[in-house]
């Protein structure tokens, strides 16, 4: 029986040492309840150094409002998409919106080139009022 207690206590000590070493290196940020690992409430280990806070409805409304304003939306998208700080969710949204903007811009250029219009001719026709 004494041998079993020694083995169990040495295993427990090994686990505690691994936890302490991992916590010192910043690898493990979770506590255990029984045998189940429970992440801490403010755990940002998924994306270190980033804000993973969930944005409220009001904050999302401000983001969408900023996306409705011409020219300002491109500036905000660039700032949010390429900044290393800030909220991860807003950054991912800005990256996705920029990708859609690029895809639609390329599609418009391809469609206009297939239709035979150049941007200069299209603008000239719009200004002079000619229909093609």
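Any read-out appearing in this document is the output of simple, stated calculations on the displayed coordinates, not a laboratory observation. A quick note: this is a predicted structure, and the numbers were derived from the prediction, not measured.
In a fully extended conformation the segment linking residue 100 and residue 121 would gain 4.9 nm over its present Cα-Cα distance, using 0.36 nm per residue.
For residue 14 and residue 51, the difference between the fully extended length at 0.36 nm per residue and the C-alpha to C-alpha distance is 10.0 nm.
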